[in-house]
1. Taking the range 249-262, which residues are hydrophobic (A, V, I, L, M, F, W, C) and either surrounded by fewer than 21 Cβ atoms within 10 Å (Cβ to Cβ) or assigned to a loop (DSSP other than H, G, I, E, B) (or both)?
2. Pairs needed: first member in the range 178-207, free of Cβ contacts under 8 Å to residues at least 12 places away in the same chain; second member anywhere, among the β-branched types (Val, Ile, Thr) and not in a loop (DSSP other than H, G, I, E, B); C-beta distance under 9 Å; at least 6 residues apart or different chains.
3. Among 318, 307, which is the only one that is under 24 Å from residue 202 (Cα atoms), outside any helix (DSSP H, G or I) and modelled with pLDDT of 95 or more?
4. Which members of the range 171-219 meet the condition of being in contact with a helix residue (DSSP H, G or I) (Cβ under 8 Å, 6 or more places away or on another chain), over 22 Å from residue 289 (Cβ atoms) and surrounded by 15 or more Cβ atoms within 10 Å (Cβ to Cβ)?
5. For the range 222-242, indicate whether the set of residues that are without any contact (Cβ under 8 Å) to a residue 12 or more places away in the chain and either surrounded by fewer than 20 Cβ atoms within 10 Å (Cβ to Cβ) or touching a Lys or Arg at 6+ places or on another chain (Cβ under 6 Å) (or both) is non-empty.
6. Against the condition modelled with pLDDT of 95 or more, buried (at least 24 other Cβ atoms within 10 Å of the Cβ), farther than 12 Å from residue 220 by Cβ and not assigned by TED's automatic domain parsing to the domain that holds residue 174, how does residue 312 come out, does it pass?
7. Taking the criterion of being under 25 Å from residue 110 (Cβ atoms) and over 24 Å from the mean Cα position of the chain (by Cα), would at least one residue in the range 191-214 satisfy it?
8. Got a sec? Which of 237, 250, 259 is of a type in the set (Gly, Ala, Ser) and touching a strand residue (DSSP E or B) at 6+ places or on another chain (Cβ under 6 Å)?
Amino acid sequence: MSTSVLILGEYPPPFGGVAIHIRSFVPYLLEHGYGVQIVSAGTHSGLESHEGFDVHRLTHDRVASVKKIAGRIPTLVNDFVKTRFFSDDFLKAQVIAAAAEPLIANADLICAYHIFPWGFAGAMLAEKYKKPLCLVHFGEVYASEPYYRKNIRQVKFIADRASEVVAASQHCARSLGNLGIEYDVKVVPMGVDLESLNPSIEREEIRNRYGIKPTDQVVLYLGRMHKNLGLHTVLEAIPKFSGKAKTIIAGASGELTGAANELARSFPDQVFVAPDFPFEDLSGFYGASDVVVAPSPDNRPCMGLAIKEAMACGKPVIACDIGGIPEAVDHGVTGLLIPTENADSLALSVSELLEDPKQRQLMGQNGRLRAADLFSVEKTNQRLESIFSNVLGN
């Protein structure tokens, strides 16, 4: 009988960083003899059957959530008494736990992504059913540190019930320690698929779509269109280098989509916006670019998935010297690190790379080698599976 893993976390769509990781990790687990069940969020509830595994979708609909919780009121009260925690995250965790309970009997291991609410649900299930828990966390503590400090008892409740705690970078591994909670945190970066993301990606398809000539230079921002990923700095910098390059802004819609579209109207032949593009176009956007910018404004990023994807595609990266980003970008070798929220510095760095094709090429080659050495999805999947194996062996 195969070992079975119950995964609590985001499975695509949508295609965020965690969702992309889980999407690549599940086939690896199946190939290595694991059974897999996933509880995830979605726009609808119900069962999705995939080849070799199922995804149990939860909706954000409040009525459906109340119905799920209604059958476990005694458990809810017991969990509240233990954790002294009542918030939206507590209720979300109860909904997740209710959906996962029918699957728990066949699970040998629970793997939960993010501390709240998935990790909280995993901790409650781990305690109730005496199952080992692997908690994988990212930059959520840095993003909402006052919230985590306020609820430190609950964070400790979750971490105490984890057989292993995993973080996606050394920087993110330190976040629990910053709260005064010391654990032996294993570091496993989120990997990138070096086969689908490579320097030989077809260059012209995306360029042709936007009428960009083969001789034009292209700067790419790829990520959610939010301030917390630094898009506001990109928008401020674009007029400073617009005469030297075209700019593509691609990613999930967000609070700055309107501002990006407005800038594109002001620079109709220079700036192109691609909100909510199909996932299969991902590699094409990297292939069309010459320089990738990722100026995150704060210390939340563990490393930045787009940064590693760009490196895998042999593209130089301009990013901010903050958080876990220096663990990915080797300044002057695979790209350039700049101060946060500094449009002038971003524009100067873009201009520097646009004007030096040899430096761009060398940085791109170095980035590809670094991605292959440190961030290959085969290597990172193997490292995470080995943690599972050790937990189950113990």
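1. Quick first cut of the range 249-262, residues hydrophobic (A, V, I, L, M, F, W, C) only: 249-250, 252, 256, 259-260.
Within the range 249-262, 252, 256, 259 qualify.
2. The qualifying pairs are 195/377.
3. Going through 318, 307 in turn, the sole match is 318.
4. Within the range 171-219, 171, 172, 175, 176, 179, 181, 183, 185, 186, 187, 188, 189 meet the criteria.
5. Here is the first cut: in the range 222-242, the residues without any contact (Cβ under 8 Å) to a residue 12 or more places away in the chain are none.
Within the range 222-242, not a single residue is without any contact (Cβ under 8 Å) to a residue 12 or more places away in the chain and either surrounded by fewer than 20 Cβ atoms within 10 Å (Cβ to Cβ) or touching a Lys or Arg at 6+ places or on another chain (Cβ under 6 Å) (or both).
6. yes
7. First, pick out the residues of the range 191-214 that are under 25 Å from residue 110 (Cβ atoms): 191.
After this cut, where a residue has to be over 24 Å from the mean Cα position of the chain (by Cα) as well, the list is none.
No, the range 191-214 contains no residue that is under 25 Å from residue 110 (Cβ atoms) and over 24 Å from the mean Cα position of the chain (by Cα).
8. It is 250.
The values are calculated or read from the model by the stated rules, or taken from the named source; none is laboratory data. Since the structure is predicted, the reported quantities are computational estimates derived from the model, not experimental observations. Please note: Cβ atoms are built from the backbone with ideal geometry, for glycine as well, and neighbour counts cover all protein chains shown.
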